[in-house]
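Notes follow the structure.
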Amino acid sequence: MDVRNGAGPHDGPKGAGQDGHVPEPGGGTGTGAGTRGRGRAETEEERADRRWQELLQEIRVAQTGVQILLGFLLTVVFTPPFHDLARTDKTIYLVTVVLGSLATGALIGPVSFHRIVSGRRVKPQAVVWASRLTFTGMLLLLATLTAALCLILRVATHDPYVPWLVSAVLAWYLVCWFVLPLWVRTRGTADEG
């Protein structure tokens, strides 16, 4: 019996939960006992399959955005106005391209990860690692978008208010991507308690 995730001796398949994975809030194993009455009757493998499908849907959205942005950024260097940019703007551009490349790698990584470990009976662990790669990719995408916005506004306006505008947009991203979901998660956990 694994006390860490509330699994009983009759919950799920033999050995479920022994990888140390803590289930999602509201998720559960087996009959759903001990999950505040909202658990799913699913085995560890079924939960891993469901979480993998959910993760794939999330990755598709992020991958599309980062690939379009990176594709655009890669073409900029071949335009005549690029060579007239100030040294600082060229540096911001290079940092933005590297960040976009890293974000693309992290967001495509789960697909490669899944393909390499497929059939090895490690899907629950694969889901955890793919989730970590996706979160890392989201942070890198956030940095890429912020750097790209900074570069575009600097080149387009040359105004001193650019850092303030970029900071405001960054704050908006942080609220939408992290603060609001964490607030709902915390509030939901407090309401259930």
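The values are calculated or read from the model by the stated rules, or taken from the named source; none is laboratory data. All of these numbers come straight from a predicted model, not from anything done at the bench. The area values use the complete protein model at the heavy-atom level, side chains included, leaving out ligands, DNA and RNA. Shrake-Rupley method; radii C 1.70, N 1.55, O 1.52, S 1.80 Å.
What to note about this one:
- Per-residue surface analysis assigns His158 an accessible area of about 140 Å², computed on protein heavy atoms at 1.4 Å probe radius.
- Taking N as the residue count of region 43-118, its C-alpha radius of gyration divided by 2.2 N^0.38 Å amounts to 1.53.
- Probe 1.4 Å, accessible area per residue of region 89-193, Å²: 61 Å²
- Within the accessible area of region 82-193 (1.4 Å probe), percent carbon and sulfur: 69 percent
- Net length gained if the chain between Thr88 and Arg185 were fully extended (0.36 nm per residue, minus Cα distance): 30.9 nm
- Order of exposure, largest accessible area first, which applies to Val61, Val166 with probe 1.4 Å: Val61, Val166
- Computed extension length for Gln57-Val77: 4.0 nm, one decimal, from 0.36 nm per residue of separation with the Cα-Cα distance subtracted.
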